[in-house]
Amino acid sequence: MKLVHRHLLLDFAAQFALCVGGISIFMLGFALYREADLLIDYRVPARMIAWLLANRWPLLLLDVMPGAGLFAVILSLGRMAHDRELAVIRLSGWSLLRIVWPLFVFTLLLAYGLFLWNEYVVPASERRYTEAWMKLTRQKVYDFVVTRKFVTGPDNTRFYIGSLDRRTGEMRDVMVFQETPEGYPRFMTAASGRIDGQIWILRDGVLHELGRDGYVTYEVGFTEMTVNTKQDWNFLFTEVLSETAMTRIQLKKMAEALENESHSSQGVNPASSYWVNYHLKVAIPFTFFVFTVLAVPFACLNARAGRLAVFLPALLMYFAYFLLLTLLYALGTQGLVAPWVAAWGSNFFFGGLAVLLLLVLVR
């Protein structure tokens, strides 16, 4: 590695560490301010507050990193441009891309590390944060018994469960509605039952068949009946976590399960939110790389105009990114745009803008 590259990376690393620390303090302070009323009402001790903030910081870091990368590049590369170091290096025959390519590689590797952070560290810390808040407010962290649950299976079969014990799979007050070519659905009622994979074992029930006039034409009781639903029901036994407390695998499983449950229902697909967050698990970490690339032309184009002239448009661009991300997220969760577009649209837009500005700069 050339001396120029080492000089740039060391300067960037120092500025980046300062920016991460400064923005993190601001974000943690804002998070503390938002929860101040609850903390006072429940007389939360300082040790518990520190625990809550420590477990909230991994999630906040995902928002801190893009801003820290943006401002660190402006401070480090902008200083070199302001002091005419870049001009001297470029006069010696080096192109701008040759100067900054190690910075791009370094931040791309950091973005991949941030993806791993988002996949393994953030879900665990968010779960601890939620459990701590639930204990403070004396709320149940997890209900083992689900009551009054409607679900939809293949072939538009509807199931109603009066109560389900997630620990054993035992059900009570079960109804199954199956569509028939004749008109009214065939339905079964059962006092109890059990879910075993795709199989529902119903006990002490009655099978009813209705004619075209709506009257019962056939009725028979059964002690036990096995129904092959042709669908796994793992989502009924899964603890309902916030999207940020789930890994990509968990998000995908939940989204697929909800799609199977509501594939025939009208309105907003509840799986849309999980699909958007599934793609965001990758998109959000790589926002850091996009903003690092975007910061290079901002640092070089107005270097002699003063830091305010550089920081102000960069700051506006930073806020514009989150506004666009919020808009696309809302559209994606409502099913108005594809989930991958909702997650990656902001990165594509600002990444394209960064490439365009770099092309203008290197010419």
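Given the structure, is THR217 modelled with pLDDT under 85, among the hydroxyl-bearing types (Ser, Thr, Tyr) and either surrounded by 16 or more Cβ atoms within 10 Å (Cβ to Cβ) or part of a loop (DSSP other than H, G, I, E, B) (or both)? Answer is no for this residue.
Among the residues making up region 323-361, those that are without any contact (Cβ under 8 Å) to a residue 12 or more places away in the chain and closer than 22 Å to ALA299 by Cβ are GLY352, LEU356, LEU359. Within region 15-31, can one find any residue that is loosely packed, with under 12 Cβ neighbours inside 10 Å, more than 21 Å from ASN118 (Cα to Cα) and over 25 Å from the mean Cα position of the chain (by Cα)? No: zero hits. Count, please, the residues in region 232-249 that happen to be modelled with pLDDT under 75 and either touching a Cys at 6+ places or on another chain (Cβ under 8 Å) or surrounded by 12 or more Cβ atoms within 10 Å (Cβ to Cβ) (or both). Summing the residues that are modelled with pLDDT under 75 and either touching a Cys at 6+ places or on another chain (Cβ under 8 Å) or surrounded by 12 or more Cβ atoms within 10 Å (Cβ to Cβ) (or both) in region 232-249 gives 9.
The C-beta contact set for region 70-91 (first residue assigned by TED's automatic domain parsing to the domain that holds VAL293 and over 23 Å from LEU110 (Cβ atoms), second residue in a helix (DSSP H, G or I) and of a type in the set (Gly, Ala, Ser), distance under 7 angstrom, 6+ apart or interchain) comprises HIS82/ALA303. Being of a type outside the set (Gly, Ala, Ser) and either over 30 Å from PRO270 (Cα atoms) or in contact with a Pro (Cβ under 6 Å, 6 or more places away or on another chain) (or both) holds for only one residue in LEU336, LEU361, LEU328, LEU323, and it is LEU361. The set of residues from region 319-334 being among the small types (Gly, Ala, Ser) and surrounded by fewer than 20 Cβ atoms within 10 Å (Cβ to Cβ) comprises ALA320, ALA330.
Give me a count of the residues in region 253-269 that are crowded, with 16+ Cβ neighbours inside 10 Å and either modelled with pLDDT of 90 or more or not polar (S, T, N, Q) (or both). Working first, answer last.
So in region 253-269, the residues crowded, with 16+ Cβ neighbours inside 10 Å come out as 253-258, 260-262, 269.
Narrowing further to those that are either modelled with pLDDT of 90 or more or not polar (S, T, N, Q) (or both): 253-258, 261.
Result for region 253-269: 7.
Just give me the residues in region 335-363 being part of a loop (DSSP other than H, G, I, E, B), of a type outside the set (A, V, I, L, M, F, W, C) and loosely packed, with under 14 Cβ neighbours inside 10 Å, in sequence order. Spell out the reasoning first.
As a first pass, look at region 335-363 and keep what is part of a loop (DSSP other than H, G, I, E, B): 335-338, 363.
Keeping just the survivors that are of a type outside the set (A, V, I, L, M, F, W, C) gives 335, 363.
Matches in region 335-363: ARG363 only.
Checking ALA54, ALA17, ALA46, ALA36 one by one, the residue that is among the hydrophobic types (A, V, I, L, M, F, W, C), more than 21 Å from GLU131 (Cα to Cα) and either assigned by TED's automatic domain parsing to the domain that holds PRO123 or at pLDDT below 90 (or both) is ALA17 and no other. Might you check whether a residue that is in contact (Cβ under 8 Å) with a residue 24 or more places away in the chain, crowded, with 16+ Cβ neighbours inside 10 Å, assigned to a strand (DSSP E or B) and in contact with a strand residue (DSSP E or B) (Cβ under 7 Å, 6 or more places away or on another chain) occurs anywhere in region 177-185? Within region 177-185, none of the residues are in contact (Cβ under 8 Å) with a residue 24 or more places away in the chain, crowded, with 16+ Cβ neighbours inside 10 Å, assigned to a strand (DSSP E or B) and in contact with a strand residue (DSSP E or B) (Cβ under 7 Å, 6 or more places away or on another chain).
Within region 190-214, the set of residues being assigned to a strand (DSSP E or B) and either touching a residue at least 60 places away in the same chain (Cβ under 8 Å) or farther than 16 Å from ILE161 by Cβ (or both) comprises VAL206, LEU207, HIS208, GLU209, LEU210.
The values are calculated or read from the model by the stated rules, or taken from the named source; none is laboratory data. This is a predicted model, so every value here is computed, not measured. We place every Cβ from the backbone using ideal geometry, glycine too, and count neighbours over all the protein chains shown.
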